[in-house]
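J.: Got a structure for you, written out below as structure tokens; questions coming shortly.
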Amino acid sequence: MEERKQLKKTLKPHWVWAIAFGSAVGWGAFVLPGDWMAAAGPLGVILGFSIGALLMIIIAVSYGQLIQKLPVSGGEFAYAYFGFGRYHASFCGWFLTLGYMCIVALNASALALLIKFVLPGVAMQGLMYNIAGWDVYFGEVLVACIALITFAYLNIRGTSISGFMQFIFCLTLIAGLSLLVIAMILHPSSSFSNVQPLFNPEIGAVSAVIAIIAISPWAYVGFDNIPQAAEEFNFSPQKAFKLIVIALLCAAATYSLTIIATAVAMPWQSLIAQETVWGTGLVVENAYGTIGVLLLSISLAMGIFTGLNGFYVATSRLLFAMGRAEILPRIFAKLHPKYETPFVGIIFTCLITLSAPFFGRQALLWVVDMSAIGVTIAYFYCCAVAYRLFSWTSTADADVIVSPAKKAMTLLGLISSTGFFLLLVVPGSPGFLGTPSWIALFIWIAIGFVFFMMKRKDFARIPKEKLDYNIFGKTLESESISSNTTKKEA
């Protein structure tokens with residue numbers, strides 16, 4: 001049997017926390033408070049994201065259990081194989097790859113948007129064309145491409161470098177945000193009376209909160225980057241759940257603080273009525289001028305950098321695991337001869353996402369909205385597999401753990417992930433995808449179907465023992481809860 005390539009154990013606990021927190025916060029916390037308040041009002045946003053964080057923590061119970069049991073690269077791809085077999089793993093991995101790559105591309109475009117706001121003379125050079133109402137400039141495309149190439153290079157250089165950078169970025173983000181919030185609250189023109197009304201009076205409190213809960217999977221996506229890097233932990237996988245919970249609580253606090261910093265500056269309904277592109281940027285500029293915008297921009301840049309870096313880590317590890325399993329070409333399982341990183345997956349991610357800035361931000365948002373389905377599918381598989389690991393009562397199966405409490409938590413996670421999926425696909429729901437996003441989704445499904453049919457026979461011929469070894473580093477004949485599924489496939 002061909003030797004299985006394995007990643008070095010170099011990730012420290014605080015680096016892993018930074019990967020989860022930085023990826024979950026990203027750029028949205030600093031760019032979108034105005035849009036969110038327009039939908040739900042300040043308290044509606046804070047309650048929605050707080051409830052969303054709790055639902056994510058419930059889902060994270062399943063992640064914590066499976067990371068502990070299966071500390072390998074691949075995350076939900078490996079879990080889907082463990083629980084339901086090779087075809088489910090292929091399906092889950094395909095959609096998750098799309099979701100991760102889209103977020104890499106979106107973070108690069110967010111950096112271009114930041115430069116467009118702060119240094120318009122640089123970004124708005126060389127108008128090329130217009131796509132879906134968005135003017136595409138050579139300057140902003142160049143900025144996004146440089147960012148993608150730079151972070152690809154840094155990730156190739158080593159996990160230690162990317163992990164350390166992620167931690168520094170997160171500390172800078174927290175420091176900048178703390179100063180910004182304090183400054184906005186203490187400004188003479190600021191008042192907590194500006195936060196009134198607490199909810200959007202046009203849609204009501206309950207609907208406002210639900211509208212924000214609906215986007216929680218998108219807002220918090222990134223905590224699930226932790227299982228992708230589990231093979232590289234230099235500590236016990238038992239700590240993973242605690243790190244995820246801390247990261248989610250920090251992310252929820254970050255979203256709440258940016259809402260407060262934006263809402264206290266002026267009556268939020270007046271801010272929304274101005275229809276500004278960047279509401280938070282406007283109120284900070286009005287309060288503190290260039291220095292305030294610079295502080296906000298540094299925090300926003302850190303959010304973008306953590307998103308770029310974190311999802312480069314996650315995407316490349318997922319591609320590495322799928323290449324090692326031979327779902328993708330084996331070249332994806334190669335490690336860099338010097339740095340021992342999954343460099344093929346990093347380069348592939350860079351090459352694919354380099355095309356995104358040329359399509360304009362509006363067209364990219366259609367694809368990103370659609371990719372949220374991929375993330376919810378991954379949540380579902382993780383919770384479904386974890387649910388099967390536990391039993392309500394005693395059982396003769398030695399591999400099933402008797403734990404009614406954890407069984408209930410994984411069931412709640414399963415229900416939550418199903419609910420998030422339905423919010424995206426049921427007409428009339430707050431998160432229902434638009435027509436362009438549905439078109440993009442069907443295109444991705446069609447490409448995946450063609451690819452699967454081309455690889456199906458070769459994939460089916462791989463013996464279970466070899467797949468077990470490639471994915472987990474050992475054979476799981478006695479442990480895998482997919483054994484019945486695998487027998488049927490064979």
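J.: Can you tell me, using C-alpha contacts under 8 Å and at least 6 residues apart, the relative contact order of the chain as a whole percent? Present the calculation step by step, with values, prior to reporting the outcome.
T.: Numbers: 862 pairs, mean separation 153.5, N = 490.
The value is 31 percent.
J.: Still on this structure, please answer the following. Of all the accessible heavy-atom surface of the chain, with the other protein chains kept in place and a 1.4 Å probe, what percent is carbon and sulfur?
T.: That fraction is 69 percent.
J.: Note the direction-averaged projected area, equal to a quarter of the hull surface, for the Cα convex hull of the range 81-217, in nm².
T.: 14.6 nm²
J.: Largest first and in whole Å, what are the equivalent-ellipsoid semi-axes of the range 304-447 based on the Cα gyration tensor, each being the root of 5 times an eigenvalue?
T.: Working: eigenvalues 204, 131, 32 Å².
Value: 32, 26, 13 Å, ordered largest first.
J.: Then there is this: What are the residues whose amide H is under 5 Å from the amide H of S391, where those residues sit 5 or more places off or on another chain and H is modelled from the backbone?
T.: I401, V402, S403
J.: Taking Cα atoms, how many degrees apart are the long axis of helix 86-118 and the longest axis of the chain, rounded to 10 and kept between 0 and 90?
T.: Tilt relative to the chain: about 20 degrees.
J.: Taking just the alpha-carbon atoms of the range 5-105, what radius of gyration and Dmax come out, in angstrom?
T.: My reading of the Cα-based Rg and Dmax gives 16.8, 50 Å.
J.: Still on this model: Give the angle, between 0 and 90 degrees and rounded to the nearest 10, that separates the Cα long axis of helix 435-461 from the longest principal axis of the Cα atoms of the chain.
T.: It works out to around 20 degrees.
J.: Under a 5 Å amide H to amide H cut-off, with H placed in plane at 1.01 Å, what residues pair with M128 once short-range neighbours are removed?
T.: So M128 has HN proximity to V136, Y137, F138.
J.: Before rounding to the nearest 500, sum -39500 (n - 2.57) across all DSSP H runs of length at least 4 in the chain and divide by the residue total; then give [θ] at 222 nm in deg cm²/dmol.
T.: The helix-only estimate for the chain comes to -23500 deg cm²/dmol at 222 nm.
J.: At 1.4 Å probe radius, can you tell me the per residue accessible area of the chain in Å²?
T.: 39 Å²
J.: As I understand it, the value is the acute angle between the Cα axis of helix 13-25 and the longest principal axis of the Cα atoms of the chain; what does it come to in degrees, rounded to 10?
T.: Helix 13-25 and the main axis of the chain meet at about 60 degrees.
J.: For the chain, just the Cα set please: Rg and Dmax, both in angstrom.
T.: Cα-based Rg and Dmax for the chain come out at 22.3, 72 Å.
The values are calculated or read from the model by the stated rules, or taken from the named source; none is laboratory data. Every value quoted in this text rests on a predicted model; they were computed, and no experiment measured them. These accessible areas exclude ligands, DNA and RNA; they are computed on the full protein's heavy atoms, side chains included. Shrake-Rupley method; radii C 1.70, N 1.55, O 1.52, S 1.80 Å.
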